[in-house]
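The values are calculated or read from the model by the stated rules, or taken from the named source; none is laboratory data. Model, not experiment: these values are computed from the prediction. Note: ideal-geometry Cβ built from the backbone for every residue, glycine included; neighbour counts use all protein chains shown.
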Amino acid sequence: MDSEMKAICSELAKSIQRESNLELVVSRLQEHIVNLQVQSERSSECSSDSGYSSETVSEYDQRRDDIERIQRECGVEKARIRLELVAKLQDERSRREALEQQVEKLASKRHQKWSTPTVSLEDKDCLENLQSTCADLGRRLSEEKQSNSNFQYLLLALQNDLQEICNERDNYKNEVIPQLRAKLESLEAEEHSCISRKAQLQERVHYLFRRSPNQYRLHLPRSSNVGLTSWAPPKDLSAVPKDEDVKGVLYAGEELAAQLHDVEVQRDALHRALKSLLDTQEFQRRESQRRIEHLESARQQLLLVATRGTKKEIPRRLNCFTMTRRGSIPTS
């Protein structure tokens with residue numbers, strides 16, 4: 001309807017422009033006629049004086065006939081244009097009235113449709129479907145938000161655990177392992193010192209054995225761990241020491257045997273402690289590696305679940321994660 005009205009307005013504007021152009025042409029022709037009349041009057045006056053009045057009168061009549069003919073043609077054209085404009089105006093008025101009636105009918109139908117409270121069954125079904133769809137979409141949106149928050153919490157917890165494990169690994173690497181190595185080196189140094197002391201004690205025992213073999217043989221079972229060989233009594237009895245020397249030698253031998261036994265016990269204890277520390281370190285390393293691998297696999301599974309968008313595995317992943325955190329705590 002708007003396009004038709006615009007077309008009508010453009011046609012009216014064009015017709016008005018044509019009418020104004022025709023009026024301008026008519027006014028110019030009228031001015032030209034007036035000028036011709038003035039010139040004819042002047043020429044008639046001059047011809048009357050000069051003797052050419054008959055020729056000017058005939059020429060004036062011919063021009064006047066032309067002017068009248070042009071005026072009649074302009075009048076006819078003007079009347080025809082007015083008739084066309086009136087016909088177009090009547091047509092446009094009738095079309096406008098028809099369009100106004102159609103608009104009124106549509107407005108009345110719209111008013112009746114929206115004013116009546118009754119709704120058709122199809123509209124009710126469509127409205128119910130839309131409401132259920134909106135409710136379902138809202139519920140799914142809330143579930144997606146909840147699952148997203150849960151996955152973010154799980155991912156943050158996994159990152160924290162992984163950071164703790166990395167810190168623990170760095171601690172083992174930077175502090176515990178160097179301490180154990182230093183302790184191992186100190187134990188090895190103590191072992192070497194114990195071996196040297198044992199050799200010195202064995203040499204001293206051999207020396208005492210050579211000095212008093214008769215008396216030392218009586219007390220030999222008390223220090224049987226020394227590992228001495230059997231001996232034979234000396235042939236020269238003058239080399240046998242006195243009672244005081246024998247008592248001192250026996251006391252020194254017993255003391256050396258006790259010291260040697262203590263050194264061996266200490267060495268065995270140090271070996272056991274070192275072995276226990278190495279076993280503990282290896283166990284903690286394997287446990288940390290197992291925890292890291294388990295957490296990495298759980299993280300990958302959670303990331304896969306997050307990309308697929310499944311929500312049913314969230315409680316199971318939460319339980320698995322809590323069980324993993326509880327079961328992966330190392331016992332002291």
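When restricted to residues that are modelled with pLDDT under 70 and part of a helix (DSSP H, G or I), segment 40-87 contains 19. The single condition among (1) out of contact with any Leu (no Cβ under 7 Å at 6 or more places or on another chain); (2) surrounded by 11 or more Cβ atoms within 10 Å (Cβ to Cβ) that E190 does not satisfy is (1).
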